[in-house]
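In what follows, a single structure is set out as structure tokens and then discussed.
The values are calculated or read from the model by the stated rules, or taken from the named source; none is laboratory data. Predicted model only: the values in this text are computed from it and were never measured. Positions of Cβ are backbone-derived with ideal geometry, glycine not excepted, and every protein chain shown enters the neighbour counts.
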Amino acid sequence: MRKTKFPAVIATFIVCFAFWLLLTWTVDVQNLIAGTVVSLLAALFSARFFIHESAFWLANPLKFFVGLFYWVCVFPLDLIKSNLRMAALVLGGCKDVKPGIVKVPVSLKSEYGQTALANSITLTPGTITMDVAEQDGQTYFYVHCIEADRPGAEAGESIKGRMEKWIGRIWK
């Protein structure tokens, strides 16, 4: 079990308190005191499970704005393209559909980066990240996709596209 570090508790407290404020949507003394107490207790008990790497990576303005650009501009465009491709497959009668599981090599080493990439892949229509495995120091995603008729490397590049490069700029 991981030991809880103080920066991890602070970062978890900030996230919990911000979430509390969003849920309650009121700013009065009672609400602030209750939110502080609940957020601090949640942070003390859960920080070791949430923060595994640098606790304040988001405090770096460059990473913050790159992440914001990815989630607001890059990912939605990839999502739209994937939706259009899926709509074309469905409207075309699904004649060229060759579903299968593809082993996709991933160069991201950060757990956060791998999670962000796996979720980005799963959110795009026609793909689901099923498993993450490490073999000989290389990380692989096993992805079920609707167009698995291409060779592994080509299918892997089309699945993760430019998402891996952008996420790699946020988390290595």
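Criterion first (assigned to a loop (DSSP other than H, G, I, E, B), out of contact with any Gly (no Cβ under 6 Å at 6 or more places or on another chain) and under 30 Å from F49 (Cβ atoms)) does K165 satisfy it?
Values: assigned to a loop (DSSP other than H, G, I, E, B): no; out of contact with any Gly (no Cβ under 6 Å at 6 or more places or on another chain): yes; under 30 Å from F49 (Cβ atoms): yes.
When the stated conditions are applied, K165 does not pass them.
Quick one: would you say L79 is touching a residue at least 24 places away in the same chain (Cβ under 8 Å), aliphatic (A, V, I, L, M) and under 22 Å from W171 (Cα atoms)? Yes: the conditions hold for L79. Exactly one residue out of V15, V37, V66, V74 is exposed (fewer than 15 other Cβ atoms within 10 Å of the Cβ), part of a helix (DSSP H, G or I), among the aliphatic types (A, V, I, L, M) and modelled with pLDDT of 85 or more, and it is V37.
Answer with yes or no whether T122 is out of contact with any Cys (no Cβ under 6 Å at 6 or more places or on another chain) and in a strand (DSSP E or B).
Values: out of contact with any Cys (no Cβ under 6 Å at 6 or more places or on another chain): yes; in a strand (DSSP E or B): no.
So T122 does not fit the description; no.
Within segment 90-107, not a single residue is small (G, A, S), free of Cβ contacts under 8 Å to residues at least 40 places away in the same chain, surrounded by fewer than 17 Cβ atoms within 10 Å (Cβ to Cβ) and in a helix (DSSP H, G or I).
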